[in-house]
Structure formats: C-alpha cells, structure tokens
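Following: one structure in structure tokens, then a few remarks.
The values are calculated or read from the model by the stated rules, or taken from the named source; none is laboratory data. Every value quoted in this text rests on a predicted model; they were computed, and no experiment measured them. Cβ placement follows ideal geometry from the backbone for every residue including glycine, while neighbour counts extend to all protein chains displayed.
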Amino acid sequence: MAGIQVVTDSACDLSPTTVEERDVRVVPLTIRFGSEELVDRDELSSKEFWDRVITGPDMPSTAAPSPGAFQQAFLDAREAGSSGVMCVMLSSGLSATYQSACTAAEAVADRIPVRVVDTQSVTMGQGLLVLAAADMVADGRSLEEIEVTLNDMKGRTHVYGAVDSLDYLRRGGRIGGAAQLVGSLLSIKPVIHVVDGVVEVESKQRTRSRALSYLANKAVEAGPLDRLGATNGAATDFDEVIEMLRRATPDHEIVTGDLGPVVGSHAGPASIGVSFITKAR
C-alpha cells in the first residue's frame, strides 16, 4: 500500500513545488472573471490572476469544487494503492468546499476511508496544517491519529492579514460581522484575522508600515511557535515582513507562498498574510 494520501484545496496557498515535494493532491476551486471561468492553478497562475485584478475591469469571484472533483481525487488515491485519505479543507464558514468533500467522502466510504477536517482557516493557516498532515503521514501515523492531531492544532492556528482596503472583502461578502465598520475604515490600513472560520477586522492601523509591523509582531509575540508562514498578494514590501518575521523561531522553517486567487479575490492587491501555529501548552 502507498500509505495515506493528503488532499487539500487550492485555498491553502502552498506553492506547486511544495505540494509536489510533499505528495499532496490539490483539488482546485474555480475563479470567475465576469462570464469567464478558470480553474485555479491549472488555468490561472497567481501572477496571471494578479495581473488581471490590477488591470482588468471585472471583480473576480470564486466557486467551490464539485463533490465529483473530490470523489475523483479520492478514487485516484485508491487506484494508486493508498490505504486512506486525509482531506484538509478551508473553512466551511468561507466556502462550500468542505461540504463538497464530505459528500464525496460518503460516496466512496465503501471503497476507501476518508477523513475530512474543517480547518476553520484559510490561506497559509490551512497550508501549515496540510504540511503537518504530510509530516504525520511520513511518520507513519494512522488516519485517526492524524485527524485527532489536526483538530487539536487548528485551535492553535492563527491567520492575520494586512489589506490595502476593505473594499474587496466588502464586495465579496467575506467580512463577517465587521461589515458595519467599513465606512469608518476607508482611510486607514486594517489588519484582519480569521476567527471561528470567518474573517473579521482585528485592528485599525494609520499607515501601511505600522500595519505590517503590527502583523509581524503578532507572530513574534505569540510565544513558542510550531509553524510559521507568510503569503504575498502582489505586494512590493513583502520582503520587509519576512525580515521582521525572522525574530520568531518556529520549530519548522518559515514557509512562503503567493496569495492565490481563492483568497486574493476577497483581499485585493497589496495584501500580505502571516499565519502561525503555536506550540501546545
């Protein structure tokens, strides 16, 4: 048997090189520009996406993969000799992707065991949990052990982001209970975070530099870290954040990636994300 196959979706923002090296199967979401639909990663790279967002007239939107797409991924794993599938999904509060995966898991239950975890996270927060799952597979952990550990780790997973404005989040309907704050936030640089699987405004910073410093300090001051990652959404000052993050000392190497279309459609250009998992107390 080939062991356990880790499956995730394209909202995790892990690079194609990383998922290939770690033998992670990615089921992509679909990105819409007007009437045009493109498959994330397969038909639209992160660079192509940001070029279109910055220069094009259409506001992008996203659509979850069908249950059939997940079912195919699960059956492909079975065909390859896998003994089970660990499916690590973006927050059910942000997308129907988790439900699609659950529907597919039920459909193939008599052929291959599948465990689906709602990370209640997104972008690199989800990505770090995917990497943790891949590490546990490599260590020979069972499907049940991996599921239990991921469900513990997700409570210690934090995602923060500096966005240039809240306009994209507002138009995309992804700003949770903070929508009423939009009018008063147009002139400042907000820091957002993921709380219970939805996006909320965490603080209001007066300048871009203060927002980025605040963002990095969230990770540096969080205490001992297991994992740390950052994502770049067509921002020219991403390297400055990485330099500030070097004051943190996670157990694993800092993971970087491009903020892809799934999250970028709602965060907008010049967004930077910082995600981390704290150590268990």
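For the range 73-92, a residue qualifies if it is out of contact with any helix residue (DSSP H, G or I) (no Cβ under 7 Å at 6 or more places or on another chain) and buried (at least 18 other Cβ atoms within 10 Å of the Cβ), and the qualifying residues are A73, A77, R78, S82, S91. Being on the phi < 0 side of the Ramachandran plot, of a type outside the set (D, E), outside any strand (DSSP E or B) and buried (at least 18 other Cβ atoms within 10 Å of the Cβ) is a description that applies to L14.
For the range 113-136, the criterion of being surrounded by fewer than 20 Cβ atoms within 10 Å (Cβ to Cβ) and aliphatic (A, V, I, L, M) is met by none of the residues. Screening A2 with (1) without any contact (Cβ under 8 Å) to a residue 40 or more places away in the chain; (2) surrounded by fewer than 19 Cβ atoms within 10 Å (Cβ to Cβ) gives one miss only, at (1). When A216, A248 are checked against the criterion of being surrounded by 23 or more Cβ atoms within 10 Å (Cβ to Cβ), more than 15 Å from the chain's Cα centre (by Cα) and more than 28 Å from V39 (Cα to Cα), a single residue qualifies: A216. Could you list, in sequence order, all residues of the range 95-110 that are touching a helix residue (DSSP H, G or I) at 6+ places or on another chain (Cβ under 6 Å) and surrounded by fewer than 19 Cβ atoms within 10 Å (Cβ to Cβ)? Passing the criteria: T103, A107. When G56 is tested against (1) in contact with a Phe, Trp or Tyr (Cβ under 9 Å, 6 or more places away or on another chain); (2) closer than 19 Å to A104 by Cα; (3) not aliphatic (A, V, I, L, M), just one condition goes unmet, and that condition is (2). In summary, P261 fulfils each of the numbered conditions (1) within 17 Å of A162 (Cβ to Cβ); (2) in contact with a helix residue (DSSP H, G or I) (Cβ under 7 Å, 6 or more places away or on another chain) with the single exception of condition (1). Could you grab me the full set of residues in the range 214-262 that are in contact with a His (Cβ under 8 Å, 6 or more places away or on another chain), among the aliphatic types (A, V, I, L, M) and under 20 Å from T8 (Cα atoms)? Matches in the range 214-262: L228 only. When residues in the range 219-245 are screened for being farther than 27 Å from D51 by Cβ and among the small types (G, A, S), 3 of them pass. Screening the range 185-281 for helices (runs of 4 or more DSSP H) wholly inside it with 3 or more residues that are at pLDDT 95 or above and more than 27 Å from D152 (Cβ to Cβ) returns the ranges 208-220, 238-245.
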